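A short write-up of the structure that comes next.
The values are calculated or read from the model by the stated rules, or taken from the named source; none is laboratory data. Quick caveat: nothing in here was measured; it's all calculated off a predicted structure. A quick note on method: Cβ atoms are made from the backbone with ideal geometry, for glycine too, and the neighbour counts reach across all protein chains shown.
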Amino acid sequence: MTEKTIARTDLTTLLDRLAEDAAVYIPAQDEAGEAALAEAPLDGDLALDYVNFRLSPKAFFLPQNQTLLCFQDGQVREPEQPDHRKTVLFGVRPCDASAMLALDAVFLEGDKHDPYYASLRDKTVVIALACTHPGPSCFCTSVGGGPGDAAGADVLAVPLENDLLLRAQSPKGEDLLASVSDLLADAAPEAVTQADRRIADAAEQMEAVTTDGSAQWLRENYDADLWQTISQACIECGTCSYLCPTCHCFDITDEIRGGRGRRVRTWDCCAYPLFTLHASGHNPRPSSRERWRQRIMHKFRYAVENHDRLFCVGCGRCIRHCPAGMDLRNVFKHVGA
Amino acid sequence: MSETQAVEEQTDSTDQWDPKIVAFLCNWCSYAGADLAGVSRIQYPHNVRIIRVPCSGRVSPAFLLRALQNGADGVLVSGCHPGDCHYISGNLVARRKFALLKELLNYAGIEPERVQFTWVSASEGGRFATVIEKVVEDVRKLGPNEKLVKTL
Amino acid sequence: MTPSEEIEARLRETAEQLLRDKKVDIFLAHGKASLPFRTTPLFITSPEDAERLVWNPFCAMNLAVYLPRLFVRPANAKEAENLEQPTIGMVVKGCEARSVAVLIQEHQIPRDKLVLVGVACGGMADRRKAAAALDGRDPLSVAEDADGNLRVTVAGDQEVALPREDVLAVACTECRRPTPELVDVLIGDGVEGKAADLTRSRTEQFGSQDLDARWAALREALGDCIRCNACRQACPMCYCRECLLDQTTPRWIGAGTDPSDVVIYHLVRAFHLAGRCTECGACTRACPMGIDTRLLIRKLNQDVEDLYGYTPGESTDATGPLSAFAMSDPEDFLTEI
Amino acid sequence: MARNPYLPYPARIEDIVVENDERDLKTFRLAFEDPDDAKAFEYMPGQFAELSLPGMGEAPFGIASAPTEGDHLLFTVKRMGLFTTELHGLEPGAPLGVRGPMGNTFPWDRMAGKDIVIVSGGFAFTTLRSAITYILDPANRADFGSVLVIYGARTPGELLYRDELAEWQQRDDIEVHLTVDKADETWTQHEGVVTFVLDELKPSPDNTLALVCGPPIMIKFTLVSLTQLGFHEDATILSLEMRMKCGIGKCGRCNIGNKYVCTDGPVFTREELRALPVEY
């Protein structure tokens, strides 16, 4: 495991270098002051003090519109991959980096390997940025993560006083650090200590709710009254799912005009009443109660049973942006209560 | 062949662009007017594709937007003159809808000439032909619909 | 006591009384959310829970969105006769009362099963504006002073004063009728509305650009849309069981974020709200991407007012402007030859 | 390189048979364009496939043919929505995509050496036709005990595969009982719902597996009868219908509990279903 440091002032040089043969996305601010990943280069210093991006980086692997097939006069073919160029994402928060492992479990595990996800995942190198200042809706430490726990990222960057510590976490990460080794210094032991302390401090700042035993609790409380009361506020929009870094349910639709068209995969959401509606009119999840429960069950129980991991990384987007001010952590206040 | 295919076929020959107009005509007046133009051998441009609807009141803004999204360069809706509606007032209710829609599309930056509304009675074969000539000419001046059309 | 505290006390009292006297089965109000600049809807069923009700500058959500689903929708006239509907009490601001009026007018909810407790509304704060005004500092708690301005406590026990007017939600800056009219009880004195000029100037400004600039501005304004449906779902007027935009037989628009689909989504949504939108701003608040979701609706409502002299939500028995006509309606938009 | 799971095999409609008097049920015989694809499409009765029409989308259908019948596939489709209407409008020779086979199969390992009771109603009989054809194949017949089939429809004209049913009724290695809710003047067989026949015949649950496919109301009452007859929940086999899109366990639509009907199902024992939420 390679550990290097780079002066913060040299960071743009490093990113410019990476941009020579890759599409490099770096943190930027949109007009509303929200952080977003934008393609480099940007002028001026990189701001590293955002809580998180408005949108999760899942769109880089699971685009909102993915052409699965192309149609032309009765012929069906696979789409050409538009861009083989390597992509580097800099500044992905550790929670979002961990979320990629959840998506990997769905799209890469088993015999039905998803070629579209796989190729985008393959060409992308993720440099995660440890959090030193978690936001009020962050709860990664409650779901088994942490401000420096960026499993799924290729490199973890930890902001230090004047430098960044860069820790390779995968062969792709090792290669990346090797390719810019002239800009990097070997990490001094003090740098590593400082990095660990900063991460520990950040973890301290977060209020934890326990999700321990949640899968078992959810098994036992499938029919609890709680679902009725807690789901009442849900207006069945897709904000939580669309912003969620692990939500991956999708729709497939055909679009065609005059013999030319495509089969497209688009994001979908289990909160939508039409998601499970049968052609016969029967709906297996007929009300908000069942639909809201499904989302929680999927993340905190079914995912554990099927993939041995929670499909929630504690990024807090669903809490921050819910139009009805809902907070899924409230479910877990009932666990063990 | 479906309507969209018919529309699309013309899109493909882009070197010589010719406007494609989708016309929603009410069954009782304007469609009969178009028919009269035909049997009276009144010439009018071939650019129009007619969709017969029971009443101009049946036309939803979604129809027009969908036509434009699918490659129509212009859309026309025509119903009975006020007072002549087979359903008494379908065209009058429609009139409010169209007034708002026309202004909304203009506000949104869609050329107002792309979406036109008029009344043509069953006896106005000549008027039908003239309306079509005008709509085709207006749209020809604007050029192809590039704003709302979906690229596939 | 601050103005809000006074209102809160009276609301709790009223809700408790209504529930205790069994005048209502459910009292719909705002409750405390887990983040400082948020509230979440409360569905209070017992008088003891009335004290959970809150009133503060962040009670922005339009609660009328929940009404259609709290009543049973009869399948036919016969069923309607024997239906046992609950009685629902509810806090209404000016905009909410108008939404309720439209729902009654459109036969979605029964007036005689509603107890409307009106609050003359001083305008609600926009959580994003308030957050942006803190320059990246996280709010820990928020209070209100005697003039209705916000006092936000941030880390390090510092207090930041935010003048109410500076953080008002956009819809509230345009609100002409903040005092609810359709009420059974009114709490607080009437509040003066804003002049119509501001809304007018917004549409005039947009409309004064040339055609292509308007198109470009619209595309830009909607460029971030992720089609999550939050704007639609948050809207009390969007109660259709199956939205035209979700229909699949036939499918009117594509399911993804193709620019053409996005523009048509917003055009159709706006058009369906022409003369029905009560200008509460729920759509804008719900949008996770910060889109001005009322850009087109503002214009439509103005046109309805100018052409047909109709303002939505002023009456529960008027005929909607698009279900009505006058022989003298203007028709200068028609193609003349 | 594994095959793209979203890419259908190109196939062609060889033949179309109108199955019922209402003419809204048709059986399509499909042939693969490429013989290698036919080889790759290895399936067993109980599985399903997604049929694909460019521009119209895809829809899942149980496979009605048996692998013992050669390389072609049979699908019996009811005209319901856009996709099935389009499909019903096609002529022999029309191209079509097939994606699959998907899902699990009837529990053939467990069925070996057992008596089989099949109860079905309406057009859900398709994968059971596949199962019966497979069992009756000379190479397989000896692997199973007795086979009892009870199949019902609303009217005689709504029974699927009528020629084959008549043929099976002539055989002595399978017992086929047909019943209709409403008989016509020519009908000489059972009248009434399938459970009447089941209760009358009283098949023994010993060393027997029951396969049940049909509309929800039929299933509900059949399960009551089977329980009364002493069929263990583990010996009662059902096939679920769910809305599906991807068919490969990813899109989330057919998710019930921790199962995906498209990959873990569609075939479940009643015991397995009991462990799942009733979200189907």
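Just so you know, in the range D:231-280 the residues that are at the interface with chain A (Cβ under 7 Å from one of its Cβ atoms) and of a type in the set (Lys, Arg) include one that is farthest from the chain's Cα centre (by Cα), and it is D:250.
Only one of the numbered conditions (1) over 15 Å from residue D:151 (Cβ atoms); (2) free of Cβ contacts under 8 Å to residues at least 12 places away in the same chain is violated by residue D:166, and that is (1).
Would you mind stating whether residue A:118 is of a type in the set (A, V, I, L, M, F, W, C), in a helix (DSSP H, G or I), within 14 Å of another protein chain (Cβ to nearest Cβ) and within 24 Å of residue A:20 (Cα to Cα)? Yes. Of all residues in the range C:144-163, which are under 26 Å from residue C:283 (Cα atoms) and surrounded by 14 or more Cβ atoms within 10 Å (Cβ to Cβ)? Answer for the range C:144-163, where residues must be under 26 Å from residue C:283 (Cα atoms) and surrounded by 14 or more Cβ atoms within 10 Å (Cβ to Cβ): C:144, C:148, C:149, C:150, C:152, C:162. Annotation note: of C:195, C:161, C:146, C:217, the sole residue that is over 25 Å from the mean Cα position of the chain (by Cα) and either under 29 Å from residue B:105 (Cβ atoms) or in a strand (DSSP E or B) (or both) is C:161.
Residue-level analysis places residue A:291 among those that are more than 14 Å from chain B (Cβ to nearest Cβ) and either at pLDDT 95 or above or touching a Gly at 6+ places or on another chain (Cβ under 9 Å) (or both). Selection of the range A:297-325 for residues being under 16 Å from residue A:210 (Cα atoms), part of a loop (DSSP other than H, G, I, E, B) and more than 14 Å from chain C (Cβ to nearest Cβ) yields A:309, A:310, A:311, A:312, A:313. Note on the range B:5-26: residues that are touching a helix residue (DSSP H, G or I) at 6+ places or on another chain (Cβ under 9 Å) and either at pLDDT 55 or above or of a type in the set (Phe, Trp, Tyr) (or both) total 10. Among the numbered conditions (1) surrounded by fewer than 20 Cβ atoms within 10 Å (Cβ to Cβ); (2) more than 14 Å from chain B (Cβ to nearest Cβ), the only one that residue A:261 does not meet is (2).
Checked against (1) in contact with a Gly (Cβ under 6 Å, 6 or more places away or on another chain); (2) surrounded by fewer than 19 Cβ atoms within 10 Å (Cβ to Cβ); (3) more than 7 Å from every other protein chain (Cβ to nearest Cβ); (4) of a type outside the set (Gly, Ala, Ser), residue B:52 meets all criteria but (1). Of the residues making up the range D:38-72, those that are part of a strand (DSSP E or B) and either away from every other protein chain (no Cβ under 14 Å) or of a type outside the set (S, T, N, Q) (or both) number 11. Can we say residue D:176 is within 17 Å of residue D:226 (Cβ to Cβ) and out of contact with any Pro (no Cβ under 9 Å at 6 or more places or on another chain)? Criteria not met by residue D:176.
The helices (runs of 4 or more DSSP H) found wholly in the range A:159-258 and carrying at least 1 residues that are over 30 Å from residue C:42 (Cα atoms) occupy A:171-179, A:189-204. Taking the conditions (1) part of a loop (DSSP other than H, G, I, E, B); (2) touching a residue at least 24 places away in the same chain (Cβ under 8 Å); (3) out of contact with any Phe, Trp or Tyr (no Cβ under 8 Å at 6 or more places or on another chain) in turn, residue A:294 satisfies each one other than (1). Scanning the range C:35-49 turns up at least one residue that is touching a Cys at 6+ places or on another chain (Cβ under 6 Å), buried (at least 23 other Cβ atoms within 10 Å of the Cβ) and over 15 Å from residue C:117 (Cα atoms). Out of the residues in the range C:239-256 that are more than 12 Å from chain B (Cβ to nearest Cβ), assigned to a loop (DSSP other than H, G, I, E, B) and surrounded by fewer than 21 Cβ atoms within 10 Å (Cβ to Cβ), state the one that is farthest from the chain's Cα centre (by Cα). Looking at the filtered set, the residue picked out is C:249. Total residues in the range B:121-144 satisfying the condition of being of a type in the set (S, T, N, Q) and surrounded by 23 or more Cβ atoms within 10 Å (Cβ to Cβ): the figure is 0.
When we screen C:58, C:71 for residues that are within 18 Å of residue A:234 (Cβ to Cβ), surrounded by 13 or more Cβ atoms within 10 Å (Cβ to Cβ), touching a Lys or Arg at 6+ places or on another chain (Cβ under 8 Å) and not β-branched (Val, Ile, Thr), the only hit is C:71.
Each row is one residue, and each column tells you yes or no for (1) without any contact (Cβ under 8 Å) to a residue 12 or more places away in the chain; (2) within 30 Å of residue A:59 (Cβ to Cβ).
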{"residue": "C:138", "(1), (2)": "no, yes"}
{"residue": "C:146", "(1), (2)": "no, no"}
{"residue": "C:157", "(1), (2)": "yes, no"}
{"residue": "C:167", "(1), (2)": "no, no"}
{"residue": "C:172", "(1), (2)": "no, no"}
{"residue": "C:212", "(1), (2)": "yes, yes"}
{"residue": "C:238", "(1), (2)": "no, yes"}
{"residue": "C:242", "(1), (2)": "yes, yes"}
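Count of the range C:257-281 residues, restricted to those that are in a helix (DSSP H, G or I) and without any contact (Cβ under 8 Å) to a residue 40 or more places away in the chain, is 9. The condition of being over 19 Å from the mean Cα position of the chain (by Cα) and in contact (Cβ under 8 Å) with a residue 40 or more places away in the chain holds for only one of A:3, A:20, that being A:3.
Checked against the criterion of being of a type outside the set (Ser, Thr, Tyr) and at pLDDT 95 or above, the candidates C:115, C:154 yield just one match: C:115.
In the range B:98-150, the qualifying residues are those that are charged (D, E, K, R) and touching a Pro at 6+ places or on another chain (Cβ under 7 Å), and the one that is farthest from the other protein chains (Cβ to nearest Cβ) is B:140. Only residues that are over 21 Å from residue B:62 (Cβ atoms) and of a type in the set (Ser, Thr, Tyr): list them for the range B:76-123, please. Matches in the range B:76-123: B:89, B:121, B:123. Applying the criterion of being out of contact with any Ser or Thr (no Cβ under 8 Å at 6 or more places or on another chain) and farther than 30 Å from residue C:202 by Cβ to the residues of the range B:86-120, the residue that is surrounded by the fewest Cβ atoms within 10 Å (Cβ to Cβ) is B:88. In the set (1) touching an Asp or Glu at 6+ places or on another chain (Cβ under 7 Å); (2) facing chain B (nearest Cβ under 10 Å), residue C:311 fails one condition alone, (2). Go through A:69, A:55, A:48, A:101 for me and flag whichever is in a strand (DSSP E or B), touching a residue at least 40 places away in the same chain (Cβ under 8 Å) and either in contact with an Asp or Glu (Cβ under 8 Å, 6 or more places away or on another chain) or on the phi < 0 side of the Ramachandran plot (or both). Unique residue meeting the criteria: A:69.
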